[in-house]
Amino acid sequence: MSVKQISVFIENKKGKLAEATRFIADHNINLRALSIADTQDFGILRIICDDPKMADAALKDGGYITTVTDVLAAAISDTPGSLASILEVLSDANVVVEYTYAFNSSKAGAYMIFRVDDNQVAAAALAGAGIKTANQEDLF
Amino acid sequence: MSKYYQPEIETASVEELRAIQNEKLVKQVKHVYENVEYYRNLMDEKGVKPEDIKSVDDLHKLPFLTKADLRDAYPYGLLGTDLKNCVRIQSTSGTTGRRVVAFYTQADVDLWEECCARAIVAVGGTNEDVCQVAYGYGLFTGGPGLNGGSHKVGCLTLPMSSGNTERQIQFMRDLHSTIICCTPSYAAYIGETLKEMGLTPDDIDLKAGIFGAEPWTEEMRRDIEKSLGIKAYDIYGLTETSGPGVSFECEEQTGMHINEDHFLAEIIDPETGEVLPEGSKGELVFTSLDKEAFPLLRYRTRDICVLSRKKCSCGRTLIKMTKPMGRSDDMLIIRGVNVFPSQIETVLLKEGYSANYLIEVDRANNTDTLDVSVELTPDQFSDTVKDLAAKEKALANAIKTMLGINPKVHLVAPKTITRSEGKAVRVIDKRKLHD
């Protein structure tokens, strides 16, 4: 139970993010979720989109450095404490969370994306706690 | 005490100097031909015999030596005497192949230290001075050279080596140091530290500083003079010829007198090798006139400068050289360390990076900075900042291990390093040295 995330290396320079998102748009890739991690020198743009295979190929073709990672998408309810509950479950299962960001779609509802050290252990722990994780198809 | 260490040499007439040089050169060429097979072969190839060299006028007939020869002959190939007669080595910081290992007999050490003694006396040093040597000690020639010179002058010598700046200042105050020897960037740093400690030049007794081993500007000289309340003097040398003291500045501060009774200087066109007349700008070439263990003849320094025999107000007649104005190869001097871009390239390739990189050298707060940008390759990319930051750090450490200086490493996107005619522009030196 995981979804494909594409990470793109972006230099931390003026206009680089605009350039990359314009490139994505020009290739008809529909972004569903996005997060950016940045340092002084570079940033990592992480995206979830409907056709990750095509998007990854297009980006690579365009000279971008990318990598595809399996991440977890956990359904989250619109109530206080729901993120805390998920993190507690993961923590109790000794899962290390590298980063997390939000995902929302009119069709599928709200999800949190988690990049963890062990997807299987994390998915099992969440399932055990009654928290639903999504597959790629569930999101689009 | 005299204002010269060896007045009979330092103020000799040009004719007297020439006579000394002629006699030493004829003897040295014979010594090298008989003892250094590597150079004998070069002479034979050129069809030059020792008897063809009758005076300095014949010097141009001899073949050049370059850093490549030093590499080919490493480590013993240019040795001019039995190892049992050698008492010391000194070395540059380079990696194997780039590293220069120079050998010294006791006589070689003595003549080197005498050269440094001349430099110390030229800045007003006497046996009443306290000389703080804050150059690195060890394989690097800076510390040992000035240490020996200071002994010869009879100064009370403080063999501090570099670093531990607050302790340097403490010794300086407690023992009333009057002369300091170190790299100019370290002198500037000591000046800043003094200020940070809430002290002023009035709290120390320094009157002069002898600074070398790296390029520095007139602006830096003024800054250092102001921050330490001293007169700042330049000194020049290279491990290949002995170390610091090949030439030194006097009170006039308008160039460095070459100890030409030991080191015969020529200026050549770096392209053609042709000897240029006095006053021309070109590559500096040195011939060691009396060194025994490592007697290099016509060694190409790759430093670009101008020689002048214009009368100097200090009374010395030794020919003067300008501060090096550049290099005829791609060597950079960063914080006193000789750096070839190829050394950094070697590390990058070894660590799995591409050969598309950019080295930027600059100067911030009188200290050299080294920035290395390298294009990331697809298989090195990771979706976490942690991994990429660790990669930057690992690469910085590998470069530090190779060069001994800490770079800032920047990972950049592919094809972002400017290429001219398909080749990456590898070095940008932003230090303004020609003010």
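The values are calculated or read from the model by the stated rules, or taken from the named source; none is laboratory data. What you see is a predicted model; the values in this text were computed from it and never measured. Note that each Cβ is placed from the backbone with ideal geometry, even for glycine, and that neighbours are counted across all protein chains shown.
Please go through segment A:94-121 and give me each residue that is surrounded by 14 or more Cβ atoms within 10 Å (Cβ to Cβ), touching a strand residue (DSSP E or B) at 6+ places or on another chain (Cβ under 8 Å) and more than 23 Å from B:LEU388 (Cβ to Cβ), ordered by number.
Correct list: A:PHE103, A:SER105, A:GLY109, A:ALA110, A:TYR111, A:MET112.
Could you pull out every one of the strands (runs of 3 or more DSSP E) wholly within segment B:237-317 that has 1 or more residues that are in the same structural domain as B:LEU70 (by TED's automatic domain parsing), surrounded by 17 or more Cβ atoms within 10 Å (Cβ to Cβ) and of a type in the set (Ser, Thr, Tyr)?
B:243-249, B:281-288, B:299-308
Residues to consider are B:PRO159, B:PRO144; find the one that is over 17 Å from B:ALA208 (Cβ atoms) and buried (at least 24 other Cβ atoms within 10 Å of the Cβ).
Among B:PRO159, B:PRO144, only B:PRO144 is over 17 Å from B:ALA208 (Cβ atoms) and buried (at least 24 other Cβ atoms within 10 Å of the Cβ).
From the list B:LYS393, B:LYS415, which one is among the charged types (D, E, K, R) and farther than 29 Å from B:PHE140 by Cα?
On inspection, the qualifying residue turns out to be B:LYS415.
Of the residues in segment A:46-76, how many are of a type outside the set (Gly, Ala, Ser), within 30 Å of B:LYS393 (Cα to Cα) and more than 10 Å from chain B (Cβ to nearest Cβ)?
Qualifying residue count for the region: 7.
Could you give me the residue pairs with C-beta distances under 9 Å whose first residue belongs to segment B:364-389 and is more than 14 Å from chain A (Cβ to nearest Cβ), whose second residue is polar (S, T, N, Q) wherever it lies, and which are 6+ apart or on separate chains?
The qualifying pairs are B:ASN366/B:SER185; B:THR367/B:SER185; B:ASP368/B:SER185; B:LEU370/B:ASN406.
Given the criteria touching a residue at least 60 places away in the same chain (Cβ under 8 Å) and crowded, with 18+ Cβ neighbours inside 10 Å, does B:TYR357 qualify?
Here the answer is yes, as B:TYR357 does meet what is asked.
Mind listing just one residue for me: the one in segment A:98-138 that is within 23 Å of A:LEU45 (Cβ to Cβ) and touching an Asp or Glu at 6+ places or on another chain (Cβ under 8 Å) and, of those, nearest to the other protein chains (Cβ to nearest Cβ)?
Out of the qualifying residues, it is A:GLU98.
Looking at B:ILE180, B:ILE190, can you tell me which residue is in a strand (DSSP E or B) and β-branched (Val, Ile, Thr)?
After ruling out the rest, the residue left standing is B:ILE180.
Could you list, in sequence order, the residues of segment A:50-93 that are among the hydrophobic types (A, V, I, L, M, F, W, C), farther than 24 Å from A:ASN104 by Cβ and crowded, with 18+ Cβ neighbours inside 10 Å?
If the condition is that a residue be among the hydrophobic types (A, V, I, L, M, F, W, C), farther than 24 Å from A:ASN104 by Cβ and crowded, with 18+ Cβ neighbours inside 10 Å, then A:ALA58, A:ILE65 are the ones that fit.
State all residues of segment B:17-46 that are part of a helix (DSSP H, G or I), of a type outside the set (Lys, Arg) and either in contact with a Ser or Thr (Cβ under 8 Å, 6 or more places away or on another chain) or touching a residue at least 60 places away in the same chain (Cβ under 8 Å) (or both); if no residue qualifies, say none.
B:LEU17, B:ILE20, B:GLN21, B:ASN22, B:LEU25, B:VAL26, B:GLN28, B:VAL29, B:HIS31, B:VAL32, B:ASN35, B:TYR39 - these are the residues of segment B:17-46 that are part of a helix (DSSP H, G or I), of a type outside the set (Lys, Arg) and either in contact with a Ser or Thr (Cβ under 8 Å, 6 or more places away or on another chain) or touching a residue at least 60 places away in the same chain (Cβ under 8 Å) (or both).
Evaluate the following for B:PRO407: is it over 29 Å from A:THR69 (Cα atoms), within 14 Å of chain A (Cβ to nearest Cβ) and touching a residue at least 12 places away in the same chain (Cβ under 8 Å)?
Criteria met by B:PRO407.
Can you tell me which residues in segment B:390-404 are out of contact with any strand residue (DSSP E or B) (no Cβ under 6 Å at 6 or more places or on another chain) and either on the phi > 0 side of the Ramachandran plot or within 14 Å of chain A (Cβ to nearest Cβ) (or both)?
B:ALA390, B:LYS391, B:LYS393
Restricting attention to segment B:225-237, report how many residues are of a type outside the set (Val, Ile, Thr) and closer than 13 Å to B:CYS116 by Cα.
Number satisfying all stated conditions: 4.
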